[in-house]
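Some notes on the structure that comes next.
The values are calculated or read from the model by the stated rules, or taken from the named source; none is laboratory data. Note that the structure is a prediction, hence the values are computed from the model and not measured. Note that we place each Cβ from the backbone using ideal geometry, even for glycine, and neighbour counts take in every protein chain shown. We work out accessible area using only protein heavy atoms, side chains counted, and drop any ligands, DNA or RNA first. Shrake-Rupley method; radii C 1.70, N 1.55, O 1.52, S 1.80 Å.
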Amino acid sequence: MWIFGWKGPSGFSARSTAEEVTEGIDATGLTAIVTGATSGIGVDTTRVLALRGAHVVMAVRNVEAGKKLKESILNEIPSAKIDVMQLELSSMASVRKFASEYIASCLPLNILINNAGIMAPPFSLSPDGIELQFATNHVGHFLLTHLLLDTMKKTARESNREGRIVLVSSDGHKFAYNEGIRLDKINNEAEYNCYRAYGQSKVANILHAKELARRLKEEGVNITANSLHPGEIATNLARNNGLLNAISNSFIKYLLKTSSQGAATQLYVALHPQVKGVSGEYFKNSNISKPGTAPAQDDELAKQLWDFSMKLIKTQ
């Protein structure tokens, strides 16, 4: 019943906005990458990061759309530091190119917000031959994080500031296949269900953060990794599905979060002092929550997914 604004231990609720959860926070000196920055909650995430003083690198499919958003934000916040770089997450070649160019720029990296995603398209394969939702929502972000991790480690060490990796999952993980992730059937078109495949990719986001957090803790690195549910938001995420899109544009949209409310949790996780040292958790409405299924809490499945993902990115 988020409409009543019940607050959790953090002092924030589902009604809290991006501006509210970051009020008083000075992000000057921090550099952040936001994937999917020109659409939905990515727009407010970028804008508020810039508002708080962070240097934001927008990793986007459409560079022209990115330039237009940059111009719009600069009109509102003349002091904003924003760069636009091209990134197509469904293509490993594009991810590698982005990471190579970012590393060559010698920019530091304090915050990585893996925000972009697609939802419920018909079955298709990525350029690398992987089911498109799994490729875009998980594999692309897994590879991006892997390639930029050394830069984040160097930044955390030299700046003596905690690095934060944020993976935008969804409570849609509850609708995944019963196994959570069908590692042996990722590309099985005959058994493909667009909603369950979406849920599968969101389970993967949660488990990626979980296993990455474990590994970073084991290594003693000053970087955290967390996942989150942004909430039900009136965005174009459902553009691939006519029914979902129609529903989100009907009267039900008045029960959904605004884009600013939807961006609040990832900004809370990325910037708020309350989250310092917290890693491997799942957040909802700017509070620590608990994933809604057993597979999304399975440490062993998290390790299996990690190994599976590493094989995928190494074979391409």
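Miscellaneous remarks
- Net charge contributed by nearby residues that have their C-beta within less than 14 Å of ARG215 (K/R +1, D/E -1): -1
- The mean sequence distance of close C-alpha pairs (under 8 Å, at least 6 residues apart), as a share of the length of the range 1-65, puts its relative contact order at 30 percent.
- Using the 1.4 Å probe convention, the accessible area of the chain works out to 43 Å² per residue with neighbouring protein chains retained.
- GluC sites (Glu not before Pro) within the range 22-71, DSSP loop, no more than 13 other Cβ atoms inside 10 Å: GLU23
- Peptides 198-207, 304-313, 163-172 ranked from most to least packed give 198-207, 163-172, 304-313, packing being the mean of other C-beta atoms within 10 angstrom over each peptide's residues.
- When the trypsin sites (Lys or Arg not before Pro) in the range 255-294 are filtered for DSSP coil states and for at most 12 other beta-carbon atoms within 10 Å of their beta-carbon, the remaining sites are LYS276.
- Surface share of carbon and sulfur [accessible, 1.4 angstrom probe, percent] for the chain: 52
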